[in-house]
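Below is one structure, written out as structure tokens, with a few remarks after it.
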Amino acid sequence: MDIGFVGLGAMGMGIVPRLMAAGHRVTGFNRSKGKAEPLIKAGMRFAATPREAAAASDIVLSIVTDAAAVRAVALGADGIIAGLAGGGIYIDMSTIAPDASRAVSAEFANHGRTMLDAPISGSPVTLAQGSASLMVAGDKAAFERAEPVLRAIGPKVTYIGASGLAVQMKIAVNLLLMVEVIAFGEAVALAEKGGVAREIAVDAILKSVAASPVLGYRGPFILEGKMPAVPLADVTLQQKDMLLALEQGRKLGSPVPLAAAANEMMNACRGLGIDHKDFVSAHEVYRRLGGQS
């Protein structure tokens, strides 16, 4: 298929090569063309606007930072909606509030176009491993048409239901992920304070029943010299999703006390000036609170 891709951040840079490897022709857009140069050299065509990317494509995907960015690339004068032909499908992979996603989807429907929300669960690491998963919501027939394209990105694709429910599910998944990683830092700090070497504590957890994929690749970051210079997800990015969970809890009347506690640890990371690091660095907050140097 001819695929458009808007937003070539860390995830987009990993997704586009997978699409091209599956035989799709990709036309990409990013605000900074310089970031796209490696993909252009690999065979991706570059569009001057999201509209141009959409006009050249059967299916257009986007993955951007927040709802404002989604509205800008999807609904602006040079947005995807202006270029997508009848019968084309727009798939947004961003993690935004369900109501915001439904509002954009409604605009596409008003123009006789179809939008799916299909957030991706994973990181550049799991994407490269071929183990990322996608949750998809919206028109079922459109999903069935797009499913082969989505499976080129990640093998685990789950249809969730009506428009907005995939991002609702992604927020719930990220809540769980966040709490798990924060609890990992708490557990390691407790073991350390009791005299267990950090390396041994991490190794023991990763061999225990508490181990998980996210801890498997993220847990070792807290060891000396292992924190990546470019975080998979820094405190600011991850806290954005936690705030979405807290707001959903408020709107729906569903208690999310563990999300609130995890969010406070992100606030503490900010206070200590380590919010530029991967959010697993909350372990450092626990160490300092416990009086460890």
Check residue 126 against each of (1) touching an Asp or Glu at 6+ places or on another chain (Cβ under 9 Å); (2) of a type in the set (S, T, N, Q); (3) in a helix (DSSP H, G or I) and name the one condition it does not meet. (1)
Of the listed residues (143, 184), the one being within 21 Å of residue 15 (Cα to Cα), over 13 Å from the mean Cα position of the chain (by Cα), of a type in the set (Phe, Trp, Tyr) and surrounded by 14 or more Cβ atoms within 10 Å (Cβ to Cβ) is 143
Single match in 134, 127 (criterion: buried (at least 16 other Cβ atoms within 10 Å of the Cβ), at pLDDT below 95 and touching a helix residue (DSSP H, G or I) at 6+ places or on another chain (Cβ under 6 Å)): 127
Would you mention how many residues in the stretch 237-252 are touching a residue at least 24 places away in the same chain (Cβ under 8 Å) and surrounded by fewer than 15 Cβ atoms within 10 Å (Cβ to Cβ)? 1
Count, please, the residues in the stretch 263-287 that happen to be under 21 Å from residue 193 (Cα atoms), assigned to a helix (DSSP H, G or I) and aliphatic (A, V, I, L, M). 5
Reported set for the stretch 129-166 where residues are among the hydroxyl-bearing types (Ser, Thr, Tyr) and either assigned to a loop (DSSP other than H, G, I, E, B) or in contact (Cβ under 8 Å) with a residue 60 or more places away in the chain (or both) is 131, 163
Just the residues that are surrounded by 16 or more Cβ atoms within 10 Å (Cβ to Cβ), out of contact with any Leu (no Cβ under 8 Å at 6 or more places or on another chain) and either under 18 Å from residue 166 (Cα atoms) or of a type in the set (A, V, I, L, M) (or both), please, taken from the stretch 73-102. 73, 74, 75, 80, 82, 84, 94, 100, 101, 102
Options 71, 45, 51; residue that is modelled with pLDDT of 95 or more and touching a Lys or Arg at 6+ places or on another chain (Cβ under 8 Å): 45
Flag for residue 23 being at pLDDT below 95 and of a type in the set (Gly, Ala, Ser): no
Somewhere in the stretch 208-218, is a residue of a type in the set (S, T, N, Q), under 21 Å from residue 95 (Cα atoms) and touching a residue at least 12 places away in the same chain (Cβ under 8 Å)? no
Could you tell me which residue of the stretch 50-96 is nearest to residue 237 (Cα to Cα), considering only residues that are over 20 Å from the mean Cα position of the chain (by Cα), acidic (Asp, Glu) and part of a loop (DSSP other than H, G, I, E, B)? 78
Just give me the residues in the stretch 103-123 being in a loop (DSSP other than H, G, I, E, B) and open to solvent by 20 Å² or more (accessible area, probe 1.4 Å), in sequence order. 111, 112, 113, 122
Output for the stretch 140-176, where each listed residue is of a type in the set (D, E, K, R) and more than 14 Å from residue 91 (Cα to Cα): 156, 170
Could you list, in sequence order, the residues of the stretch 1-37 that are open to solvent by less than 50 Å² (accessible area, probe 1.4 Å), in contact (Cβ under 8 Å) with a residue 60 or more places away in the chain and part of a helix (DSSP H, G or I)? 11, 14, 15, 19
Of the residues in the stretch 167-211, those that are among the charged types (D, E, K, R) and part of a helix (DSSP H, G or I) come to 170, 180, 186, 192, 193, 198, 199, 203
Here is a check on your reading of the model: is residue 228 surrounded by fewer than 18 Cβ atoms within 10 Å (Cβ to Cβ) and not in a helix (DSSP H, G or I)? yes
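The values are calculated or read from the model by the stated rules, or taken from the named source; none is laboratory data. Please read these numbers as outputs of a predicted model, since none were measured by experiment. Methodologically, a virtual Cβ is constructed for each residue, glycine included, from the backbone with ideal geometry; neighbour enumeration extends over all protein chains shown. Accessible surface is based on the protein model in full, side chains and every heavy atom, while ligands, DNA and RNA are left aside. Shrake-Rupley method; radii C 1.70, N 1.55, O 1.52, S 1.80 Å.
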